[in-house]
Structure formats: C-alpha cells, structure tokens
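Q: I'd like to ask you about the structure that follows.
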Amino acid sequence: MNRLTAECVLALTEAIRKLGSEKHPLVITGNEKFFSAGADLKEILALDGPAGLEFSRTGQELMRSVEHFPAPAYAAICGYCMGGGLDLALACHRRIAASHAVFGHRGAALGLITGWGGTQRLPRLIGRARALEMFVAAEKISATPALRMGLVEAVVKDPVAEALRRIKASS
C-alpha cells in the first residue's frame, strides 16, 4: 500500500535530498494498485503529542524537499493516491495519472486533517471551494474528474512512461 511510515518518510526525504544535488528530473511512483495510501494510521495512533508533532514536521520536510526540488518532479500515479500520498503528489510539480487512479483525502471521515501541506496546495491547484468539498466530504475522485478539475494534467495508460517522455522532450 506504500504507507508513508516515519521510516519511509525519512528515507524518501534523504533520497530526494541526495538526488537534488544531481539536478536530474525526479519521477515518484508506486505500484499498479497504490501510489500511496498515505500515513500508517496505526503508527499515528501510537504517537503521543510531541512525537505526533515531530512526525508532522518530518512529513512537511519531505513535501518541501519535493516542492523545491531543483529539477522537474513528476508524480506518476497508478491506483490509490490517498491522504499523505495525495500530499506527496501535490508537492510534485506535475501529476500524471493512470485511468484507474483514485484520489482522496479521507482524513475528515476519521477525524483527521492533513498536516503535510495538502490543505494549502490542493486549493491552489483546483480552487478553494472544490478543495474544501474534497476535504470535508472525504470523497474519492477518479482519474477523469481529477483531470477535469486540474488535479492531474494527463490521464494515460502508463504514467511513468509518459513522465519520462515529457522529461526527454524538455531536455
């Protein structure tokens, strides 16, 4: 499910920092069923206040490292892209989805709200009213409506191949 555990978030942040020094384009992807299902809720439930704050800051640092990556950063999305996974995709400069991709921020249904910048990035991308609707209703959005609302810029059969094609075309 490509959960964004604390260990995973730290490893991604470190890898992206190292890759950033090379100034080559970045493609973040998951597997056919999950780009990322977001944070591990069992791990979050076990955190006390200070540890929760630290986990939030760690996730924010990952999102900033992606957002400020010195070369184009693409999210190549197949399957579910939920919660913190959506935050990660939103931090990328470009988002390309497979036709079976599903997007959502289901935290409101669980009494949670994103702490990794999604509440800022999503409204900038699709507008305040639509973003608020996605957050509050905790709805899932499939790829075609995501394209129509501007959440992704393309829906294709192979998002990774399309991201690589665009990188090559811009070189």
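The values are calculated or read from the model by the stated rules, or taken from the named source; none is laboratory data. From a predicted model like this one, the values you see are computed outputs, not experimental measurements. Note: ideal-geometry Cβ built from the backbone for every residue, glycine included; neighbour counts use all protein chains shown. What goes into the accessible areas is simple: the full protein's heavy atoms, side chains included, and nothing from ligands, DNA or RNA. Shrake-Rupley method; radii C 1.70, N 1.55, O 1.52, S 1.80 Å.
Q: Here's a check for you: in the range 103-127, which residue that is of a type in the set (Val, Ile, Thr) and buried (at least 19 other Cβ atoms within 10 Å of the Cβ) is farthest from residue 138 (Cα to Cα)?
A: Within the range 103-127, the match that is farthest from residue 138 (Cα to Cα) is 126.
Q: Right, next: Assess whether residue 32 counts as being farther than 21 Å from residue 113 by Cα, part of a loop (DSSP other than H, G, I, E, B), open to solvent by 40 Å² or more (accessible area, probe 1.4 Å) and acidic (Asp, Glu).
A: The answer is yes for residue 32.
Q: Could you go through the range 62-78 and let me know if any residue there is in contact (Cβ under 8 Å) with a residue 24 or more places away in the chain, part of a strand (DSSP E or B) and open to solvent by 10 Å² or more (accessible area, probe 1.4 Å).
A: Looking for residues that are in contact (Cβ under 8 Å) with a residue 24 or more places away in the chain, part of a strand (DSSP E or B) and open to solvent by 10 Å² or more (accessible area, probe 1.4 Å), one finds at least one in the range 62-78, hence yes.
Q: If you check residue 55 against the conditions, is it touching a strand residue (DSSP E or B) at 6+ places or on another chain (Cβ under 9 Å), in contact (Cβ under 8 Å) with a residue 12 or more places away in the chain and buried (at least 17 other Cβ atoms within 10 Å of the Cβ)?
A: The answer is no for residue 55.
Q: What's the total number of residues in the range 79-99 that are touching a Pro at 6+ places or on another chain (Cβ under 7 Å) and part of a loop (DSSP other than H, G, I, E, B)?
A: Total satisfying the criteria: 1.
Q: Could you go through the range 22-29 and let me know if any residue there is closer than 26 Å to residue 126 by Cα, modelled with pLDDT of 95 or more, in a helix (DSSP H, G or I) and in contact with a Cys (Cβ under 9 Å, 6 or more places away or on another chain).
A: No.
Q: Between a first residue in the range 86-99 that is under 12 Å from residue 36 (Cα atoms) and a second residue that is of a type in the set (Gly, Ala, Ser) and part of a helix (DSSP H, G or I), which pairs have beta carbons less than 8 Å apart while being 6 or more apart in sequence or on different chains?
A: What qualifies is 86/118; 87/59; 87/118.
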